[in-house]
Amino acid sequence: MVGRIFSVLCILSFVSALCTGRLSLLSDAVLEGAARAVTLTLSLLGMMCLWCGVLSLLQKSGVLTRLCRLLMPILRRLFPTAAETGEGIEEIAMSISANLLGVGNAATPFALLAMEKMQAKNPEPDRATDDMVTLTVLSCASLNLLPTTLLAMRHAAGSDRATAVVLPILLVSAAGAVIALLLARLGCRRRRTGC
Amino acid sequence: MIQLAFSLLVPAVLLLLSFYLLFSKSVSVDSFLLGARSGIDTSFRLLPTLVLLMVGVSMLSASGFPELIGRLFSPLCQRVGIDAALLPLIFIRPFSGSGSNALLLSVYEQNGVDSRTGFLASVIAGSSETVFYVTAVYFSAVHIKKTRHTLPAALLTMAVTVVLAILVGGWFYDKG
């Protein structure tokens, strides 16, 4: 799938570079992109360490089990397999909470840990399970209560009413999350009934 | 006020954990270290995927694709009453967070952060996610090739979200 995304990016780049006459810029862009992947990984490394460590502390302390029990009625509907087996459900709960609470950089490590846990119990290891699809589609809908980075950018750009966007963003992203869940779960159901 | 509460969230979680570390017998710093170690492994395992993605995204931004999309669709946009300046942002958003932030800043600079276009751009950026990036990273971390309906569902969600962002955002802006 990464291969397909890359091919699309490459072809689009070539065609538009031909149209805009910027073919000569592409080769520098390739090197720059590869270097940026490394700087990105390194700059995120500390946060990956911190959050993965914090997560395992939260698990050991039992805080997470309690949080999970609280959220179980919702989680059981959305992630039936993970909720039943318990594999990865705590990580899913943490990832969703982190997204909601605006700690977006913690949501990714939590979700990745959840994917690893779910993959360990996956009967068909090259095919995504229902719960994996739901988690990914939900993470692609950016539901959060306070878009902190965006507000900082608006402030920096000199906005007089930087926070005016908070309510519309909340409404739109909440609608997005509902749509994401519906589409993800409907897609899973279609397969089960065998249509 | 709310912003302050949110900014205290992470320190509060760490404070809670520090009490556990001090007073609980079952919780030791070893579990933090083990978890952190696994974070390093995950990061480096993802690096090859990131290299491929970032090379693609970097080529796409350098090729002038965002501007080209803006020019191609601007007649259509004028007919529906949307500023064509939003288009590059909408098309780059699913691929790259840093790329779309750069485009958002250029909308702020060219149209003004408190203009209607600046407002709509903020709502679009704030309510959408880097769909391709998230999907690629999540699934390549566990070596899954058949992603089933993930991408169609995520992209359809994003399309609906962008339309909603323009409608709802526009309504909020006009109302004051």
Inset, instruction - For the stretch B:9-18, state whether one or more residues are touching a Ser or Thr at 6+ places or on another chain (Cβ under 8 Å), surrounded by 14 or more Cβ atoms within 10 Å (Cβ to Cβ) and either under 28 Å from A:T108 (Cβ atoms) or in contact (Cβ under 8 Å) with a residue 60 or more places away in the chain (or both). - result: yes
Inset, instruction - Being assigned to a helix (DSSP H, G or I), buried (at least 17 other Cβ atoms within 10 Å of the Cβ) and among the β-branched types (V, I, T) is the filter here, so list the residues in the stretch B:76-108 that pass it. - result: B:I90, B:I92, B:V107
Inset, instruction - Would you check if there is a residue in the stretch B:27-37 being at the interface with chain A (Cβ under 7 Å from one of its Cβ atoms), among the β-branched types (V, I, T) and surrounded by fewer than 18 Cβ atoms within 10 Å (Cβ to Cβ)? - result: no
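Rundown of residues vs (1) touching a residue at least 24 places away in the same chain (Cβ under 8 Å); (2) in a helix (DSSP H, G or I), yes/no style:
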residue: B:Q110; (1), (2): yes, yes
residue: B:V113; (1), (2): no, no
residue: B:G118; (1), (2): no, yes
residue: B:Y133; (1), (2): yes, yes
residue: B:F139; (1), (2): no, yes
residue: B:I144; (1), (2): no, no
residue: B:L156; (1), (2): no, yes
residue: B:V160; (1), (2): no, yes
residue: B:V163; (1), (2): no, yes
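So that you can scan it fast, the table gives a plain yes or no per residue for (1) of a type in the set (A, V, I, L, M); (2) assigned by TED's automatic domain parsing to the domain that holds B:A136; (3) at pLDDT 90 or above:
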{"site": "B:V13", "(1), (2), (3)": "yes, no, no"}
{"site": "B:S28", "(1), (2), (3)": "no, no, no"}
{"site": "B:A36", "(1), (2), (3)": "yes, no, yes"}
{"site": "B:L52", "(1), (2), (3)": "yes, no, yes"}
{"site": "B:I69", "(1), (2), (3)": "yes, yes, no"}
{"site": "B:L86", "(1), (2), (3)": "yes, yes, yes"}
{"site": "B:E109", "(1), (2), (3)": "no, yes, yes"}
Inset, instruction - Give A:A157, A:A175, A:A162, A:A120 a once-over and let me know the one that is surrounded by fewer than 20 Cβ atoms within 10 Å (Cβ to Cβ), more than 7 Å from chain B (Cβ to nearest Cβ) and closer than 30 Å to B:D174 by Cα. - result: A:A162
Inset, instruction - Just name the residue that is nearest to A:M115 (Cα to Cα) out of those in the stretch A:81-96 that are in contact with a helix residue (DSSP H, G or I) (Cβ under 7 Å, 6 or more places away or on another chain) and not in a helix (DSSP H, G or I). - result: A:G88
Legend entry - Which listed residue, of A:T65, A:T41, A:T85, A:T81, is without any contact (Cβ under 8 Å) to a residue 24 or more places away in the chain and polar (S, T, N, Q): A:T41
Inset, instruction - Please go through the stretch B:79-108 and pick out each residue that is in contact (Cβ under 8 Å) with a residue 24 or more places away in the chain, facing chain A (nearest Cβ under 10 Å) and of a type in the set (A, V, I, L, M, F, W, C). - result: B:F91, B:F95
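The values are calculated or read from the model by the stated rules, or taken from the named source; none is laboratory data. Note that this is a predicted model, so its numbers are computed, not measured. Note: ideal-geometry Cβ built from the backbone for every residue, glycine included; neighbour counts use all protein chains shown.
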